[in-house]
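Rule-based calculations on the coordinates, nothing more; no lab input. A quick note: this is a predicted structure, and the numbers were derived from the prediction, not measured. Every residue, glycine as well, gets a Cβ built from its backbone with ideal geometry; the counts of neighbours run over all protein chains shown.
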Amino acid sequence: MNLPNKLTILRVLMIPLFCVFLAFSPDSDLWRWISLAVFALACLTDWADGKIARQNNLVTNFGKFMDPIADKLLVMSAFVMLCSQGRMEAWAVIVIMAREFIVSGFRLVAAEGGVVIAASTIAKFKTVSQMLAVMLTIVFVPGPLAIVAKLVLYVAVVLTALSGIDYVWKNRQFLKG
């Protein structure tokens, strides 16, 4: 197993640790900053695995398939936790999760046919906006700058919807059978 794939697996393994720290974060600034640090480190593994894979010709089907799943698990865990704490709006989390399940379904159907659907450019921006929304929510909600986190969340919802439409359109052949 190559380094980029190990980083993807590391990101998945960091999720429970992040969730435990985030669970304590509403009551403690220390836990808030620790949960932010773990989440940010997990996000850095996403950037690093892609960069290393492309620069060193280490791109694999495993990486193309698992990297977006690891991203979804990380971000969805954060969204669910923040929503359950009342720090993120449920409607936004539902829209984002719906898109993620739909696209994951497309990926699974395509994989059964031997096709790996890699992340599109708009999907990469979507992921960055979602990760940024999580980080800003951890830092600013509740607080006077909560509006900043909310605006970034709204941008993430729009990019999420657009990237979902893009995936469905580009891969509509998988709807036929």
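Just a few scattered comments:
- Taking Trp91, Trp31, Trp47 as the candidate residues, the one with maximal mean-square fluctuation in a Gaussian network model of the chain, Cα springs under 10 Å, is Trp91.
- One quarter of the convex hull surface built on the alpha carbon atoms of the stretch 1-76 amounts to 4.7 nm², the projected area averaged over directions.
- The phi torsions of the stretch 147-157, fed into the Karplus equation with coefficients 6.51, -1.76 and 1.60 and a -60° offset, translate into couplings of 4, 5, 4, 5, 5, 5, 4, 5, 4, 4, 4 Hz, rounded to whole numbers, with Gly and Pro shown as x.
- Spacing of the two label points (7 Å from each Cα toward its C-beta) at Ser84 and Lys176, in nm: 4.3
- Lysine pair number, Cα distance threshold 28 Å (strictly under), the chain, separation 8 or more or different chains: 26
- Applying 1/(1 + (r/R0)^6) with R0 = 22 Å to the Cβ-Cβ distance of Leu10 and Val158 gives a FRET efficiency near 0.15.
- Estimated dipole of the chain in Debye, rounded to 20 [Cβ of Lys and Arg +1, of Asp and Glu -1, Cα centre]: 460
- Shown is the FRET efficiency for Leu41 and Ala146, computed with R0 = 30 Å from the Cβ-Cβ distance and rounded to the nearest 0.05: 0.80.
- Stretching the chain fully between Leu30 and Ile102 yields a gain of 22.3 nm (0.36 nm per residue, less the alpha carbon separation).
- Solvent-free Debye calculation, one equal scatterer per alpha-carbon of the stretch 75-177: log10 I(q)/I(0) at 0.24 Å⁻¹ equals -1.21.
- Extents of the stretch 1-158, taken as max minus min of Cα coordinates on every principal axis and listed largest first, are 47, 28, 22 Å.
- Between Leu73 and Ala48, the distance separating the two model label sites (each 7 Å from Cα on the Cα→Cβ line) works out to 1.8 nm.
- Sites Val115 and Asn2, calculated FRET efficiency, Cβ-Cβ separation with R0 22 Å, nearest 0.05: 0.50
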